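What follows is one structure encoded as structure tokens, with my remarks underneath.
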Amino acid sequence: MAAMTLPAVAWAVPMDKAQRLQVAVQKSGRLTDHCLDLLARCGLKSSRGKDQLLCFGENMPLDVLLVRDDDIPDLVREDVCDLGIVGGNVLEERRLACLAAGIGPLFEVLQPLDFGRCRLSIAVPEGCAWAGPQSLTGLRIATTYPYLTEQYLHQHGVQAQIMTLSGAVEIAPRLGRAEAICDLVSTGGTLRANHLTEVATIFESQALLIRTPVPLSPDKEAWLQRILMRIDGVQQVKESKYIMLHAPRSALPEIRRLLPGSEYPTIVPLEGTTEKVAVHAVCRENVFWETLEALKAAGASALLVLPVEKMLP
Ligand code: PRT
Ligand code: ZN
């Protein structure tokens, strides 16, 4: 019986869509850990079993649906889920496909999330001459992104044949199925291993938070705004450090100049001395050894650098 194959939790959890936000994230892949980590940093407590498709938010009206990344744009567009986290590459490909098919309204991008960065690039076998997009004229280009590839060819007025594959694009030239490929690249290691050279980037991608085109109830909208503010806070603390040091008053102008990305340090008097003060500052950039050495050379002592866990502007 089909119902028997559904995970037990799908029945156990009250899916109250009117009251609770549903966010679709990748079940198992490159984005999964980043997504679950981000939601946890936003304060979400939820448990995830091995085959669980739905994680019930225990302390927030937010449930997490775990699915294939390719399904996320449509789950959000069709308002099955209110929110989704998906790579810009998958989203843009789906957007172009929907536009071509006259499907609307679409999903709305709320926020880039600064993880899952990669680029969609054209690559050709090592040693092939490349003199710009026109070099693709008449070639077969293997890709899993036919719409983005087509858009690039169209923008450059190039006539070429797109070979749509479902995977293993990088081996298509070796198999004689294509003369070029258009595929995702992050380190470039896969291209090198397959003797391919990246010649043009056609799309820069990162994970995006998207929302349904359907308006949310006031309660859900209020929760969404809280979550967006928390995501902002999480992103701000990523590189931030809290720095504490002692400094002679006379050195304060130089020390302020040296503190990276900190606008208004707190100056605190020290018991038993009028010459020295304590300086506390949130630095929005990483604090490197070189900075600490320069601060010390400027007269600072007792330097402490601490990670920042949460921040609200
Ligand atoms: O099962 P499901 O459909 O959910 O997952 P999937 O296999 O389609 O996706 P997955 O988990 O591989 O990637 C999910 C998303 O991560 C992508 O849609 C991108 O937005 C993002 N991402 C970031 C990447 C990469 N980096 C990446 N390097 N997706 C794929 N790759 C591939 C690349 O094409 C190459 O084949 O990883 C390989 C290694 O890359 P190099 O350049 O580091 O060698
Ligand atoms: Zn996928």
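The values are calculated or read from the model by the stated rules, or taken from the named source; none is laboratory data. Note that the structure is a prediction, hence the values are computed from the model and not measured. Don't worry about glycine lacking a Cβ; one is built from the backbone with ideal geometry, like all the others, and counts go over all protein chains shown. Accessible surface is based on the protein model in full, side chains and every heavy atom, while ligands, DNA and RNA are left aside. Shrake-Rupley method; radii C 1.70, N 1.55, O 1.52, S 1.80 Å.
Please tell me if ILE202 is open to solvent by less than 40 Å² (accessible area, probe 1.4 Å), more than 13 Å from ligand 1 (Cβ to nearest atom), in a strand (DSSP E or B) and under 25 Å from ASP71 (Cβ atoms).
yes
Given the stretch 16-124, what strands (runs of 3 or more DSSP E) lie entirely inside it while holding 3 or more residues that are away from ligand 2 (no atom under 14 Å from the Cβ)?
Ranges flagged: 21-26, 62-67, 108-112.
If I ask for residues that are assigned to a helix (DSSP H, G or I) and either open to solvent by 70 Å² or more (accessible area, probe 1.4 Å) or in contact with a Gly (Cβ under 9 Å, 6 or more places away or on another chain) (or both), which ones from the stretch 152-168 would you list?
HIS154, GLN155
Please go through the stretch 169-199 and pick out each residue that is within 8 Å of ligand 1 (Cβ to nearest atom) and in a strand (DSSP E or B).
ASP183, LEU184, VAL185
Conditions tested, residue by residue: (1) farther than 30 Å from GLY84 by Cα; (2) in the same structural domain as ASP63 (by TED's automatic domain parsing); (3) touching a helix residue (DSSP H, G or I) at 6+ places or on another chain (Cβ under 9 Å).
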position	(1), (2), (3)
LYS220	no, yes, no
ILE227	no, yes, yes
ILE267	yes, no, yes
GLU275	yes, no, yes
ALA281	yes, no, yes
ALA294	yes, no, yes
LEU303	yes, no, yes
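Condition first: open to solvent by less than 10 Å² (accessible area, probe 1.4 Å) and either within 30 Å of GLU239 (Cα to Cα) or within 15 Å of ligand 1 (Cβ to nearest atom) (or both). Can you find one or more residues in the stretch 123-131 that meet it?
Within the stretch 123-131 (the criterion being open to solvent by less than 10 Å² (accessible area, probe 1.4 Å) and either within 30 Å of GLU239 (Cα to Cα) or within 15 Å of ligand 1 (Cβ to nearest atom) (or both)), the answer is yes, since at least one residue qualifies.
Each row is one residue, and each column tells you yes or no for (1) free of Cβ contacts under 8 Å to residues at least 24 places away in the same chain; (2) part of a helix (DSSP H, G or I).
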| position | (1), (2) |
| --- | --- |
| VAL268 | yes, no |
| VAL282 | no, no |
| LYS296 | yes, yes |
| ALA302 | no, no |
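Among the residues of the stretch 14-36, how many are within 18 Å of the chain's Cα centre (by Cα) and open to solvent by 70 Å² or more (accessible area, probe 1.4 Å)?
Residues that pass the stated criteria total 4.
If you check GLY167 against the conditions, is it away from ligand 2 (no atom under 16 Å from the Cβ) and either free of Cβ contacts under 8 Å to residues at least 40 places away in the same chain or within 30 Å of ASP37 (Cβ to Cβ) (or both)?
So GLY167 fails the test.
Can you confirm whether LEU54 is of a type in the set (A, V, I, L, M), surrounded by 14 or more Cβ atoms within 10 Å (Cβ to Cβ), in the same structural domain as PRO218 (by TED's automatic domain parsing) and at pLDDT 95 or above?
When the stated conditions are applied, LEU54 does not pass them.
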